[in-house]
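Below is one structure, written out as structure tokens; comments come after it.
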Amino acid sequence: MESVDSENSQAVAVSGATQGQACAVVLSGGLRPSPLMQETGCATLDLSITPTQTVADIWRSRLEEVLEIDQIWIVPSGSCPKPQATSKMQLAEEPDGYRGPGGVVRDMSLKLGTGTILVVEAARYLDASFAPLMRRHTESGAMATVGMNSDGSPAGIYAISREAVALVPARGFMDLKEQWLPLIREQGRVEVVQIEGRGAMPLQTRQDFLNAAGWLACGRKATELVDSIWWSADSTGWSIAARDATVEEGAFVEYSVLQPGAVVRSGAIVARSIVCAGAVVETNARVVDRTIPSPTRALTTKGADS
């Protein structure tokens, strides 16, 4: 899989569910931040990927298509940036030290009734509903149902039965793909379901993020990759400016995403880049293939070419 330390991801958000209903665990973080987190200095869930929606907003919308969500608990992990709490995403402590994804799902499941658990990787943009996966899981009676992209890569989406959760030990680390899924296969059936469209696009690097944003900006009608960025015949050079972002007259922005409060001054050039919240690209600066971090949240400073 393309993701960095995806096997070591920890639970970041858990949706509430009543007894017998399905619930969701969203995995994020790990032993070390992904390259995208390192460059932006913030959690992937907090990044705006459309003018009005963050990655967390997209996931919540997808979850609400198939689940009844009461609340979401955020569980920070490792050295990764903590996602911001919202009215539907509340901060909580990691259940029991560093348990790995299997251990965390098992520990959090004790709070979540008795239904199926939908486990998803946060650092992805999901281009289609996962309702067909949930339907297949329910109809087949499998212990686990795994999402797969059209190119055969893992989609980072798993429907897990409570019988499968019971296989996870109460103590110690358990990886999802290398330990938990093989154990489930030994004890029962694992189904595989292809996710429609572009599937679950990874968001581990700046390039990943721009690919997903470009796919959205082109109205999901992207036809070709130019310098590894999607474009369509009716879009000569897309860009996404989140709420409160400012592009002054005379500035040039192409194949880039501006986060809330970002400013691009007159005469500046921004191409194939991410300008983070509150960051400023000064007059006549040239930013190409870069991430300009927020001045207050940077983990790794990667500035503009002046």
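The values are calculated or read from the model by the stated rules, or taken from the named source; none is laboratory data. No experiment lies behind these values; they were computed from the predicted model shown. Here Cβ is always computed from backbone atoms with ideal geometry, including for glycine, and neighbour counts include all displayed protein chains.
A compact table of results
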read-out	value
Residues of the range 244-289 classified as surrounded by 15 or more Cβ atoms within 10 Å (Cβ to Cβ) and assigned to a strand (DSSP E or B), total	18
First in the range 183-199 and in contact (Cβ under 8 Å) with a residue 12 or more places away in the chain, second anywhere and among the polar types (S, T, N, Q), Cβ under 7 Å, 6 or more apart	E191/S140; E191/T145; V193/T145; Q194/S150; I195/N149; G199/N149; G199/S150
Residues (in a loop (DSSP other than H, G, I, E, B) and modelled with pLDDT of 85 or more) located in the range 109-129	T116, A122, A123, D127, A128, S129
Residue within the range 212-230 that is within 30 Å of I269 (Cβ to Cβ), assigned to a strand (DSSP E or B), in contact with a helix residue (DSSP H, G or I) (Cβ under 7 Å, 6 or more places away or on another chain) and modelled with pLDDT under 90 present	yes
Count of residues meeting criterion [assigned to a loop (DSSP other than H, G, I, E, B) and at pLDDT 95 or above] in the range 290-303	1
Residue match in the range 165-186 (condition: more than 17 Å from the chain's Cα centre (by Cα), in a strand (DSSP E or B) and of a type outside the set (S, T, Y))	no
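Results for (1) among the aromatic types (F, W, Y); (2) surrounded by 16 or more Cβ atoms within 10 Å (Cβ to Cβ); (3) modelled with pLDDT of 95 or more; (4) assigned by TED's automatic domain parsing to the domain that holds M134, shown as yes or no for each residue.
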| site | (1), (2), (3), (4) |
| --- | --- |
| P154 | no, yes, no, yes |
| I160 | no, yes, no, yes |
| P169 | no, no, no, yes |
| K177 | no, yes, no, yes |
| R189 | no, no, no, yes |
| V192 | no, no, yes, yes |
